[in-house]
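These notes concern the structure reproduced below.
The values are calculated or read from the model by the stated rules, or taken from the named source; none is laboratory data. The shown structure was predicted, so the numbers you read here are calculated from the model rather than taken from an experiment. Here the Cβ positions follow ideal geometry from the backbone for every residue, glycine too, while neighbour counts run over all protein chains shown. What goes into the accessible areas is simple: the full protein's heavy atoms, side chains included, and nothing from ligands, DNA or RNA. Shrake-Rupley method; radii C 1.70, N 1.55, O 1.52, S 1.80 Å.
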Amino acid sequence: MHRRTFLQTTAAGALLADASTPKMIGIQVGAVSFQDEGVEKVLDVFQESAAINTLFIATFTYGRGIAGRQVPGQPLPDHGKQEYDNGSGPGTFQGGSYTRVHPEYYKDTVLQDFRAPDFGDFDVLEAVIPAARKRGMKAICWFEDVWAGPEKVRNVGQAQEKTFAGGNAGTLCFNNPNYRNWLLGTVEDYARSYEIDGIMWGSERQGAFSNALGASHGGRADVGRTTCFCEHCERKAKSRGVDPARARAGFQELGRFLQAARQKRPIDGYYVGVWRLMLKYPELLAWEMLWTDSLRDTYAAMYQKVKSIKPSIGVGWHIWHNNSFNPIYRAEQDLSEISKHSDFLKMVMYHNCAGERMAGYIQTVGNTIYGDVPRQELLDFHYRVLDYKQEKKLADIPQTGFTPNYVYEEARRAREALNGTKTLLWPGIDIDIPTAASHSKCTPEVTREAVLAAFKGGADGVLLSRKYSEMKLANLRGAGEATKRAG
Ligand SMILES: [Zn+2]
C-alpha cells in the first residue's frame, strides 16, 4: 500500500496505537513557518525530508523556544524569511495564542486577553489542519507554560506565583484558580473547536528547594526569587499537614546559609550544611513536593477535561531537559505516577545542547549543595547516578555535546519505566537548538544516530524539536535517514 494511503486509512483515532501502527514521526512547528513559507510547502518539506506524519503545532506561548523565527543572534537557517523577527512593529514576535480565542471557555478566569497579535486574525489550526488531513498527517496542539507580564497580558498579576521575598513572579501558579481554569478552558477550547488528534503541554519549571539550589541548566541560586508562597499554595500545604511558617523559616535559613557560603566554606562544608537544614526543616522538601504534586494535579485535571469531551484525543506532556541533569528533578519525574494521566510522553533527550546545558548545571550546583566537590568529580558523580556511560569530560562537553548513546540510555530507561502502562514514549530529538557560537552544533550524521538510538532504546516515535524555524534542512534530512526506515 502507498504510504500516504496507509496513513489515511489508519488516521482516525490511531494516536492511541498498537504495535502494528507506524512509529510517530513528529515535528514541532510554529505559526511563523506557515506564514513565511506557506502551509503546503512546509508540509511538503516535512514529508519529503523526514517522513513526518504528525505535526506539533505551537498554539500558545510567550516564549521563543517554540514560536517565532530563529532566536536573534543565532545564524538563520536555510529556509524561511532571511531576517529576524525582533524589534517592534508589524511582523515582530509577540507571543500569545496563535489560535482564535473562543471566549465561552474562559469565563472562570481573569486571563482573557492573550491572543498573539503577530499575524492579525490568522488561526494556525484553522490554516493547517485541513491541509494536514488531506495528507493523512495528524495534528497535535502544543502549548507551554511560558507567559508574559502585565504589559502584554491584562490581569496576569492575578494568576502569578508569589516569590519567597513576597513579590509577584513572572510564572503562573497551578493552584491559583485563574491559571487552573485558564488551562482547563484552553484544552476545552482546542478539543471542541478543532478536529485535532492530540494535545501536548509542557512546564519547564521546578519547586522551591531545587530552585534555591540553582539545580538546573541556566539556574540561579536565589532563595528570594523561589516560588510559590501564594495564599493558594499555603492553603494547599496546610491541607497536607505542612506548616507554611516552618517552610518560610527553612527557606530563610537556607538563603542565609547559601549567601554566607558564597564568601567562605561553611564549617562542616556545603553538602553537610544543606543536609543539616533539610533535617531541621523537612518542610524544605515538603514545599518542593507541594509544587511537583500541584503540577501532577494539573496534568490530571487537564487529562480528565479532554477525555470528558472527546476520549480519542491523545493527551501528553513535554518533560523538561532538567530531567537529564538534576537527580532531584529526575526523582520527581516518577513515570509510574505521571503515566496515569498520559497517553504519551515527550521526554526531552536533546543530545547536542545537553553538553552545554550539563556544564551549566554543574557550575550552578557546584556553588551550592556540592560546593565541596571539584567540578570534574561532580560531573563523574552525575554520570554515575544518572547512568550515562559514554559522555566526555567537563572541559569538552560544551564543544562536543552528548553522544547518541545518551539518547539510547534515556530512551531505554524511560521505556523500562513505562512498560506495563498505556503511555507511548516519544523522545524529543535536538535539531539545531541554539548553543553558544563556540559550542557544538548539530550535524546530519549525529542527528541520524540520535534518532536511531531513540528507536533502539524502544521509543514509539520521535519528536523533532524545538521548532522548524531554527532547523537546518540538512539536519532535518539527517533525521529523515532514520525516520524513513522506521515509519
Ligand atoms: Zn501558588
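When both the stretch 382-444 and the stretch 308-379 are represented by their alpha-carbon centers, they are found 11 Å apart.
Note on the chain: antiparallel DSSP beta bridges, both residues inside, total approximately 10 percent of the bridges counted.
Could you give the size of the charge dipole of the chain about its Cα centre, using +1 on the Cβ of each K and R and -1 on the Cβ of each D and E, expressed in debye and rounded to the nearest 20?
About 580 debye.
Length gain on complete extension for the stretch Met289 to Lys107, per 0.36 nm per residue less the alpha carbon to alpha carbon distance?
Stretched fully, the Met289-Lys107 segment lengthens by 62.5 nm.
Charges were assigned to the Cβ only: +1 to each Lys and Arg, -1 to each Asp and Glu. The resulting dipole of the stretch 259-345 about its Cα centre is roughly 240 debye.
Each Lys or Arg adds one and each Asp or Glu subtracts one; over the other residues with Cβ under 12 Å from the Cβ of Glu377, this totals +1. So what is the orientation-averaged projected area of the chain, using the convex hull of its C-alpha atoms, in nm²? The number I arrive at for the chain is 21.7 nm². Sequence-ordered 3J(HN,Hα) estimates for the stretch 140-145 from the Karplus curve with 6.51, -1.76 and 1.60 and θ = phi - 60° stand at 10, 6, 10, 9, 9, 7 Hz, glycine and proline given as x.
With the convex hull drawn around the C-alpha atoms of the stretch 243-398, the volume per residue stands at 133 Å³. Using a probe radius of 1.4 angstrom, the carbon and sulfur fraction of the accessible surface of the chain is 52%.
Backbone phi angles across the stretch 452-464, fed through the Karplus curve with coefficients 6.51, -1.76 and 1.60 (θ = phi - 60°), yield HN-Hα couplings of 4, 5, 4, 5, 4, x, x, 5, 8, x, 9, 10, 6 Hz in residue order; Gly and Pro are listed as x. Using alpha carbon centroids, what distance separates the stretch 150-218 and the stretch 34-92, in Å? So the two Cα centres are separated by 24 Å. Remark on Val348: its backbone amide H falls under 5 Å from those of Ile319, Gly428, a criterion applied only to residues 5 or more positions apart or on other chains, H modelled at 1.01 Å from N. Relative to the longest principal axis of the Cα atoms of the chain, the long axis of helix 177-193 makes an angle of roughly 10 degrees. Around the amide H of Ala169, modelled in the peptide plane, lie the amide H atoms of Glu161, Lys162, Thr163, all under 5 Å away and 5 or more residues distant in sequence or on another chain.
Note on the stretch 21-63: percent of Cα-Cα distances in each 10 Å bin, starting at 0 and stopping at the bin with the largest distance, equals 26, 54, 19, 1. The angle between the Cα long axis of helix 39-50 and the main principal axis of the chain comes to about 80°, on a 0 to 90 degree scale. Summary value for the chain: 18 percent relative contact order, contacts being C-alpha pairs under 8 angstrom separated by 6+ residues.
Once Lys and Arg get +1 and Asp and Glu get -1 on their Cβ, which of Trp426, Asn405, Tyr361 lies farthest toward the positive end of the dipole of the stretch 356-487? Positive-end residue among those listed: Trp426.
A dipole drawn for the stretch 157-209 from +1 and -1 charges on Cβ atoms has a positive end, and of Gly198, Thr171, Phe209 the residue lying farthest that way is Phe209. In whole angstrom, the stretch 418-487 maps to an equivalent ellipsoid with semi-axes of 23, 13, 10, each derived as √(5λ) from the alpha carbon gyration tensor and ordered largest first. Put a plus charge on the Cβ of each Lys and Arg, a minus charge on the Cβ of each Asp and Glu, and nothing anywhere else: the dipole of the stretch 349-421 about its Cα centre is then about 140 debye. Which entries in Lys307/Lys340; Lys23/Lys346; Lys307/Lys346; Lys162/Lys264; Lys41/Lys467; Lys310/Lys340 show an alpha-carbon gap greater than 21 Å? Distance filter (> 21 Å) returns Lys162/Lys264. Using a probe of 1.4 angstrom and keeping all protein chains present, the accessible surface of the chain works out to 38 square angstrom per residue.
Orientation-averaged projection of the stretch 24-134 equals 8.2 nm² [convex hull of Cα atoms, one quarter of hull surface area]. Putting +1 on Lys and Arg Cβ atoms and -1 on Asp and Glu Cβ atoms, find which of Asn181, Phe257, Gly149 reaches farthest to the positive end of the dipole of the stretch 116-274. Checking the options against the dipole of the stretch 116-274, the answer is Phe257.
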